[in-house]
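**Q** Before we start, here is the structure in question, set down as structure tokens.
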Amino acid sequence: MKIQNILLAIAVLVPSGMKAQNITLNAKNIDKVIKAMTLEEKAHLITGGTDASFKGFENRKPRLWKHVEGCAGTTSTIPRLGIPNTVLADGPCGVRIAPHRDGTTQTFFATAFPVGTAMAATWNTDLVTEAGKAFGNEILEYGCDIILGPGLNLHRNPLCGRNFEYYSEDPLLTGKIAAASIRGIQTYGVGACAKHFAANSQEDNRLQLNEVVSQRALRELYLKGFEIAVKEGKPWALMSSYNKLNGPYTQENHELLTILLRDEWHYNGIVMTDWIDGRNTPMQVHAGNDVLEYGTDVQYQEIIDNAKSGKLKMEDIDKAVRRVLEYVVHSSHFRGYQYSSHPDLEAHAALTRKVADECIVLLKNANGALPFTQVDTVALFGAQSYDLMACGCGAATVNVGKVVNVSDGLKNAGITITDDLAALYAKNKECADLQDKISHPDGNWYWRLGRAPYPNFSLSEEGIEAQAKKSDIAVITLGHQSREGIDRRIHGDQGYNFTDAEKELIKNVCTVYHKFGKKVVVVINAGCALETTSWRDQPDAILMAWQPGVDGGDAIVDILTGKVNPSAKSPMTWPLDIMDEPSTANFPLGDGRNTTESLHKEGINIGYRYFNTIKKAVAFPFGFGLSYTSFKYSNPTVKAVKGGFRATITVENTGKVAGKEAVQVYVSAPKSNIDKPENELKAFAKTRLLNPGESQTLTFNVTDYELASFHEDGSCWISDQGDYKVRFAASVEDVRAEGTYTLKKAFMQKVNDILKPNKPL
């Protein structure tokens, strides 16, 4: 009788679902661990950001700084089962952690890599993978398990505040570059989290905005980049976005997160929500979110209460728990990796220069203004010549030790800058710093790094003439910043258009220097396209430097001096006027419109798919970028293979200096019962460095599925029977050679009829 009482007492003490024996998580016993977990432990595990080492999970208070201060969040720990916290860090452009920690004098700097648009501008997947490996090493050595990036949202409109984080207006370029980055990051046994899934293409009111998109535009554009990244990059994690999509929130959308993502695409990683206090918790879990971030007491209790009432199925909870555990056993914290907190920042900075050398686009080069010839002294105008913006603002902000400015890069190259002009900008920077300290007395690093550029100031004609007399050339660096949470405006400081003061500076410097027979170069330091129509005829050369990372100044000077031959090409269209973009009419312009509902009335007509099809003039077309040499395309071949075609093209350097060429393969489809763009990017590749007279043959493989358009009537992908024009191009408007692929039998793949708009478009 006494023994029975003892056993009964033990049974009462052991929570429901928990086995009396000790179980410690490993890769082979996940089933047993799930069976041993209590409902409370399961609810705790899928509600992120807390530490369950205290009894009964009372007061589930976040302890985000336990491992890595400044991280975005964590997954939860259950010590009795050997389940550790894992650390999630912001930073599609670099590891975003706090610069200071208690108990140490070390400053935790991280590398700001070139932003997403810059990475895409390289058109070089191998180079992006190399950068991803360095990024992954930094994630590992700073004690993180998953980086919350890359961002894959499409450039629906140049005004989106987070375009700098994203890659392109084209889903194929987006998906391929993202997959390359993910593969590199995950080389070091840490994970990437592709975001923001899906259609998070504007920032104004992103928490409540309903994006209303046709099924075709969704499938062909806004989801396609994610599909490529998921299938080719296999990210450990995916983040469901804040916005609504055709009615429901994406975080509560079972069609999106389960039917599409898991059933159609066969994704097997974890899905986490973007950071929010909470929504409909049982719907979020049922939809397919495995981790609710940042994790709240309310969410934890809602999971328990709804499971007990039957409104939330244990099957859905267990699926989420399983996927979290499958992730945890691969994490660096589970492996017990002893991170150093001392990654090789010097080596990584050198790599950012290598990437930036291939991401800076030469947009204009009249009469051979570049590279420099017989230039000993440069007059540097524009605040960003002395204060280059390495990255954008918000979750992408990186705490860097030093950014190499254009002024530094010139000095490093042995070129003199005019000291008196530099002193004027230094004084301007000093005043701006003082004002910044007044505005942010707490020194909050997040907002300090997220500031707008230092303001420019006016210079008299006499002052500019004084500079022209003592310098060989003028370089004007102008920067426009953007950030998450708000979209860019057309006018005003940091807007899409240059300000009147900035345009006046360009005009006055060009007028004076041209009077002296000297040239002017404008360098743009921004994350996305800007208006150039009103001023681009004035300077002799224009460089788009993007936000090129910590060693951007050296890379810019590499291009200016000809040490590196530019090979970058724009991953977006530069319209003559922002109102030329069809999506602008349904985009927020700061006037209160389009902030609760964004109607994608333009459908698939974004970027070059629109401009190239209707032959509308643009400032710079998609895929455009100049070089200091020339290339000849020859011997095009297009051969049918099983399930698609294989194409080749030979590229020869016909100029006088070594260079690389990014070749784009566009396809024009035969007539169909639905409208199609004139050209669609279906493949791309970049040559190695070719010496003058040297050639290389590039090979491209395209499947019939990749040629397909989405037909809403029948909910299927179809590649029509007929002749497909295969165009080898230097940009979407510069086709150099052609071939033909004949599809003898139409291709069709039926998919689920899901994600329908909740109102007519």
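The values are calculated or read from the model by the stated rules, or taken from the named source; none is laboratory data. Since this is a predicted model, take the numbers as computed values, not measurements. Every residue, glycine as well, gets a Cβ built from its backbone with ideal geometry; the counts of neighbours run over all protein chains shown. Quick note on the areas: whole protein, heavy atoms, side chains included, nothing else; ligands and nucleic acids left out. Shrake-Rupley method; radii C 1.70, N 1.55, O 1.52, S 1.80 Å.
**Q** Starting from segment 311-339, take each residue that is of a type in the set (V, I, T) and list its partners that are open to solvent by 50 Å² or more (accessible area, probe 1.4 Å) and at pLDDT 95 or above, counting only C-beta distances under 8 angstrom and pairs at least six apart or across chains.
**A** That search, which allows pairs on different chains as well, returns V328/F334; V329/N26; V329/A27.
**Q** Condition test on D753, is it on the phi < 0 side of the Ramachandran plot, surrounded by fewer than 19 Cβ atoms within 10 Å (Cβ to Cβ), touching a residue at least 12 places away in the same chain (Cβ under 8 Å) and in a strand (DSSP E or B)?
**A** The answer is no for D753.
**Q** What are the pairs with Cβ atoms under 8 angstrom where one residue, in segment 521-548, is in contact (Cβ under 8 Å) with a residue 24 or more places away in the chain and the other, located anywhere, is assigned to a loop (DSSP other than H, G, I, E, B) and among the basic types (K, R)? Sequence gap at least six, or different chains.
**A** Going by the 8 Å Cβ cut-off, the qualifying pairs are C528/R488; I542/R536.
**Q** Residues that are within 23 Å of E220 (Cβ to Cβ) and either open to solvent by less than 40 Å² (accessible area, probe 1.4 Å) or touching a residue at least 60 places away in the same chain (Cβ under 8 Å) (or both): does segment 645-653 have at least one?
**A** yes
**Q** Considering only segment 127-168, how many residues are assigned to a helix (DSSP H, G or I) and of a type in the set (D, E, K, R)?
**A** Qualifying residue count for the region: 4.
**Q** Search segment 704-721 for residues that are under 19 Å from T740 (Cβ atoms) and touching a residue at least 24 places away in the same chain (Cβ under 8 Å) and pair each with any residue that is in a loop (DSSP other than H, G, I, E, B) and among the charged types (D, E, K, R) when their beta-carbon atoms are under 8 Å apart and the residues are at least 6 apart or on different chains.
**A** So the pair list comes out as S709/K676; D720/K671; Q721/K744; Q721/K745.
**Q** Within segment 629-644, take every residue that is outside any strand (DSSP E or B) and under 22 Å from V361 (Cβ atoms) and give me the one that is least open to solvent (accessible area, probe 1.4 Å).
**A** The initial filter retains those residues of segment 629-644 that are outside any strand (DSSP E or B), namely 629-630, 642-643.
Remaining after also requiring under 22 Å from V361 (Cβ atoms): 629-630.
On the way: T629: 19, S630: 50 Å².
If we take residues in segment 629-644 being outside any strand (DSSP E or B) and under 22 Å from V361 (Cβ atoms), then T629 is least open to solvent (accessible area, probe 1.4 Å).
Matching residues to (1) at pLDDT below 95; (2) closer than 19 Å to L221 by Cβ; (3) open to solvent by 40 Å² or more (accessible area, probe 1.4 Å):
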site: M544; (1), (2), (3): no, no, no
site: G552; (1), (2), (3): no, no, no
site: V557; (1), (2), (3): no, no, no
site: K563; (1), (2), (3): no, no, yes
site: M579; (1), (2), (3): no, no, yes
site: T584; (1), (2), (3): no, yes, no
site: D591; (1), (2), (3): yes, no, yes
site: H600; (1), (2), (3): no, yes, no
site: N605; (1), (2), (3): no, yes, yes
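**Q** Could I ask something else about it? Give, as residue ranges, the helices (runs of 4 or more DSSP H) completely inside segment 303-384 that count at least 1 residues that are among the hydroxyl-bearing types (S, T, Y) and closer than 28 Å to F109 by Cβ.
**A** Because the criterion is at least 1 residues that are among the hydroxyl-bearing types (S, T, Y) and closer than 28 Å to F109 by Cβ, the helices (runs of 4 or more DSSP H) in segment 303-384 that meet it are 332-335, 345-357.
**Q** Turning to a different aspect of this structure: Given E211, E232, E220, E255, which one is at pLDDT 95 or above, of a type in the set (D, E) and within 18 Å of R162 (Cα to Cα)? Step through it out loud before you land on a result.
**A** Values: E232 fails: within 18 Å of R162 (Cα to Cα); E220 fails: within 18 Å of R162 (Cα to Cα); E255 fails: within 18 Å of R162 (Cα to Cα).
Exactly one residue qualifies, and that residue is E211.
**Q** Collect the residues in segment 79-98 that are within 16 Å of V321 (Cβ to Cβ) and either surrounded by fewer than 24 Cβ atoms within 10 Å (Cβ to Cβ) or free of Cβ contacts under 8 Å to residues at least 40 places away in the same chain (or both), keeping them in residue-number order.
**A** Within segment 79-98, R80, L81, G82, P84 qualify.
**Q** Next question, about the same structure. Do the conditions hold for R101, that is, is it open to solvent by 10 Å² or more (accessible area, probe 1.4 Å), farther than 21 Å from V329 by Cβ and in contact (Cβ under 8 Å) with a residue 60 or more places away in the chain? Walk me through how you get there before you give the answer.
**A** Numbers: open to solvent by 10 Å² or more (accessible area, probe 1.4 Å): yes; farther than 21 Å from V329 by Cβ: yes; in contact (Cβ under 8 Å) with a residue 60 or more places away in the chain: no.
Here the answer is no, as R101 does not meet what is asked.
**Q** Can you tell me which condition G414 does not meet? The list is (1) over 31 Å from the mean Cα position of the chain (by Cα); (2) open to solvent by less than 30 Å² (accessible area, probe 1.4 Å); (3) modelled with pLDDT of 95 or more, and all the others hold.
**A** (2)
**Q** Among the residues of segment 217-244, how many are touching a residue at least 60 places away in the same chain (Cβ under 8 Å), of a type outside the set (S, T, Y) and outside any strand (DSSP E or B)?
**A** Final tally of qualifying residues: 9.
**Q** Does segment 607-628 contain any residue that is assigned to a loop (DSSP other than H, G, I, E, B) and of a type in the set (V, I, T)?
**A** Step one: list which residues in segment 607-628 are assigned to a loop (DSSP other than H, G, I, E, B), which gives 607, 615-617, 621-628.
Within this subset, residues satisfying the condition of being of a type in the set (V, I, T) are none.
Within segment 607-628, none of the residues are assigned to a loop (DSSP other than H, G, I, E, B) and of a type in the set (V, I, T).
**Q** Being in a loop (DSSP other than H, G, I, E, B) and of a type in the set (A, V, I, L, M) narrows it down to one of V557, V520, V564, V512, so name that one.
**A** Testing whether each residue is in a loop (DSSP other than H, G, I, E, B) and of a type in the set (A, V, I, L, M) leaves just V564.
**Q** In addition: Of the conditions (1) farther than 29 Å from L530 by Cβ; (2) in contact with a Ser or Thr (Cβ under 7 Å, 6 or more places away or on another chain); (3) open to solvent by less than 20 Å² (accessible area, probe 1.4 Å); (4) of a type outside the set (S, T, Y), V667 clears all except one; give me its number.
**A** Among (1) farther than 29 Å from L530 by Cβ; (2) in contact with a Ser or Thr (Cβ under 7 Å, 6 or more places away or on another chain); (3) open to solvent by less than 20 Å² (accessible area, probe 1.4 Å); (4) of a type outside the set (S, T, Y), V667 violates only (2).
**Q** Is one or more of the residues making up segment 279-293 out of contact with any helix residue (DSSP H, G or I) (no Cβ under 6 Å at 6 or more places or on another chain) and open to solvent by 50 Å² or more (accessible area, probe 1.4 Å)?
**A** no
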